[in-house]
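The values are calculated or read from the model by the stated rules, or taken from the named source; none is laboratory data. Bear in mind that the values here come from a model prediction, so they are computed numbers and not experimental data. In this analysis, Cβ positions are derived from the backbone assuming ideal geometry, glycine residues included, and neighbour counts consider all displayed protein chains. These area figures cover heavy atoms from the full protein model, side chains too; ligands, DNA and RNA do not enter into them. Shrake-Rupley method; radii C 1.70, N 1.55, O 1.52, S 1.80 Å.
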Amino acid sequence: MINVRNFVLGDIYTNTYLIKDEASGELAVVDPAASSDFLVEAIKEWGGDLKYILLTHGHFDHIGGVAFLKDLFNPLVCVSKNEVEFIKTPSLNGSAWHNMHIDSFQIDKALIDEDEFYLGDTKIKFITTPGHTAGSGCYIIDDCIFSGDTLFCQSIGRTDFPTSNPNDMMRSLKKLAEIDGDYTVLPGHDISTTLSAERKYNPYMR
């Protein structure tokens, strides 16, 4: 079982999620958008055992706090193998558009579709969902899908960025819609939703 806290960080109001495996106390952060003392305090309050940083994709507003957390806690950074070079390239990750500097960091786990690993007793499953970027992906953890900028509440991520592809996005949304059962969907921006609600009300999934 996991516990999840949400921190809205950075200039683009990105959802950064702190996850705790209740049995082991191990922690993971999804998409640390910016350096945040509030997030650091929460990590320490929950025991400080930050095992993973899980990146849904490599845009600047999802990776701005990675190096900061890496220096403090030395977690393993995970992202799709198709996004590794994207993260390193300012003209792709968007930092160049905003005259921003993103401190470099090491990718420790380059993931492929349906890779599985564990946060304590909790299984993390990674699935590739290209469209917003070529290396976008989602993490299925317990009864939650951390969807990054692939799936939003009654909307989807933009497909007009470098490496974006609207046809890939439609295939990725079909892939999500066909997952058995229902899940809480925790997106990269805006409010949470459920997979059943998106199957029913999201015009891009119907």
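Here are the numbers:
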| item | result |
| --- | --- |
| Qualifying residues in region 74-104 (those that are among the charged types (D, E, K, R) and over 22 Å from Ile43 (Cβ atoms)) - the one least open to solvent (accessible area, probe 1.4 Å) | Glu83 |
| Subset tally (residues that are part of a loop (DSSP other than H, G, I, E, B), free of Cβ contacts under 8 Å to residues at least 40 places away in the same chain and not small (Gly, Ala, Ser)) for region 156-189 | 8 |
| Output for region 53-101, where each listed residue is of a type in the set (A, V, I, L, M), assigned to a loop (DSSP other than H, G, I, E, B) and over 17 Å from the mean Cα position of the chain (by Cα) | Met100 |
| Top-ranked residue in region 156-180 [being in contact with a Leu (Cβ under 8 Å, 6 or more places away or on another chain) and open to solvent by 40 Å² or more (accessible area, probe 1.4 Å); ranked as nearest to Thr129 (Cα to Cα)] | Thr163 |
| Asp21 vs. criteria surrounded by 17 or more Cβ atoms within 10 Å (Cβ to Cβ) and acidic (Asp, Glu) | yes |
| Region 1-42: number of residues that are under 19 Å from His59 (Cα atoms) and without any contact (Cβ under 8 Å) to a residue 24 or more places away in the chain | 1 |
